[in-house]
Amino acid sequence: MLFLQTENTGTLLECRRFCKLFRATLYRRLLRFADMGTTEPNAKLDKTLQLSRRLAKRKLVSASLATFSLSLLFIVAFGKSACENVMTKFWLQDEGLSGISGPMRFFIYVTLLILMETSPWPRPPPGNSPLQAAQLWEKHPPSYRDFEPAIGYLVPLNWINSHRLRTLGNITEFGYLMSAVGVGGQIGPVVAGLGTFFLCGVSQHFVYMTHRWHVPMYTTLSLILSSGNDNWSLDAVFWNTFGDSYWFKPPPSTSIFYSTLGPKLVLVFSISTLFFGGITKLLNSGLAWMDGETLNYYITYQGYGKVEWLNKFLSKHPAVCTLLSIGSVAFELGSVLVIFSHPFSYSIRTVTLLGAIGFHFGIWLLMLPNFLPQSICYLIIMPWPTRSSLGQQ
């Protein structure tokens with residue numbers, strides 16, 4: 001099959017390159033899809049999945065301990081007061097961010113809901129949707145049904161079935177609508193965020209090669225910490241009409257829900273996906289990833305490009321692929337600078353985020369992945385002219 005997939009190259013070298021670049025991915029696919037044709041449990045596959053879950057849990061515990069240790073070391077080195085000031089400035093008073101406005105909240109929730117509803121089945125192109133978790137669960141044999149390890153801490157596997165996943169999807173959709181119009185206080189954002197998190201945990205197990213809904217999932221979780229019923233909400237209208245008898249009174253202007261905490265979390269999660277994308281490339285392939293061969297393979301042999309002449313041009317000019325590879329890694333690693341609160345980061349934040357949108361558009365144009373949902377979330381963290389910090393509505 002390897003020779004058939006690379007027969008257009010006419011050289012054994014290309015076949016060896018294919019094996020070198022994708023042996024790990026092929027091995028994972030063989031393990032994960034070996035049991036797709038039967039409903040009987042596969043002991044080897046089950047053992048592999050159990051080992052994978054244990055390793056993921058160990059990584060989660062190790063990361064938590066490392067974070068706690070670094071935080072404790074920082075407090076000991078600089079003092080509690082200095083740490084509190086730094087953390088308050090970083091999370092709550094980022095002058096380059098704004099609190100989430102009502103129109104922005106409406107646009108984000110409605111757009112993400114439309115993208116989830118209209119996402120084609122079964123998976124890319126252009127991508128999967130958390131709302132397809134029930135369909136994915138039904139379509140796979142019992143021995144393959146599982147979810148990401150983080151969900152395993154919350155819900156036992158035997159509790160999940162397609163009917164409950166479909167019900168949860170409907171509840172999550174209702175949470176998006178509540179959040180968009182600003183009714184029910186923080187109930188809508190909580191339902192939308194937790195529902196998206198759980199559904200992503202289930203669907204991501206089946207469609208493990210795509211991560212286009214990671215940032216939207218983190219965004220909906222982060223928006224739980226932003227006001228869901230400001231002056232642009234139905235709650236504000238009802239409270240002005242019925243007074244204190246209405247249950248969901250908008251929070252005061254000094255509330256943490258009007259700080260930059262929610263947008264800052266969106267910024268950190270969004271930039272982290274870019275930064276760790278560059279780190280992963282270097283960890284998996286080293287500096288060899290930037291020689292252009294990997295990018296040239298995806299562009300030339302996968303056949304996913306939307307503009308045929310552009311793919312042909314890049315396939316005939318490997319030097320351009322090398323420059324694009326170096327530029328993509330440099331961009332991903334350098335993007336981490338914009339999360340810090342200093343004037344220099346504000347001046348380059350817009351350029352970086354617009355560059356990220358262009359970066360994702362280029363990936364869609366030349367290859368398969370479609371990161372439109374992630375690009376939509378970038379609008380929250382743009383340094384708009386109207387800024388607000390803690391204490392300002």
Unmet requirement for residue 252, which otherwise passes all of (1) on the phi < 0 side of the Ramachandran plot; (2) touching a residue at least 24 places away in the same chain (Cβ under 8 Å); (3) assigned to a loop (DSSP other than H, G, I, E, B); (4) more than 26 Å from the chain's Cα centre (by Cα): (2)
Answer from 292, 327 - the residue that is over 26 Å from residue 222 (Cβ atoms), of a type outside the set (S, T, N, Q) and surrounded by fewer than 20 Cβ atoms within 10 Å (Cβ to Cβ): 327
Which numbered condition residue 269 fails, given (1) aromatic (Phe, Trp, Tyr); (2) at pLDDT 90 or above; (3) more than 22 Å from residue 98 (Cα to Cα); (4) under 28 Å from the mean Cα position of the chain (by Cα): (3)
Residues of the stretch 117-153 that turn out to be over 30 Å from residue 306 (Cβ atoms) and modelled with pLDDT under 65, as a count: 8
Residue 345 at pLDDT 90 or above and surrounded by 15 or more Cβ atoms within 10 Å (Cβ to Cβ): no
Top-ranked residue of the stretch 154-203 - restricted to ones that are polar (S, T, N, Q) and at pLDDT 90 or above, ranked as surrounded by the most Cβ atoms within 10 Å (Cβ to Cβ): 179
Residue match in the stretch 360-367 (condition: modelled with pLDDT of 85 or more, under 30 Å from residue 117 (Cα atoms), touching a Lys or Arg at 6+ places or on another chain (Cβ under 8 Å) and surrounded by 17 or more Cβ atoms within 10 Å (Cβ to Cβ)): yes
Those residues of the stretch 228-257 which are touching a Leu at 6+ places or on another chain (Cβ under 8 Å) and either closer than 15 Å to residue 105 by Cα or not hydroxyl-bearing (Ser, Thr, Tyr) (or both), in sequence order: 256, 257
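The values are calculated or read from the model by the stated rules, or taken from the named source; none is laboratory data. Keep in mind it's a predicted model, so treat the numbers as computed, not measured. When we count neighbours, we look across all protein chains shown, and the Cβ atoms used for this are built from the backbone with ideal geometry, even at glycine.
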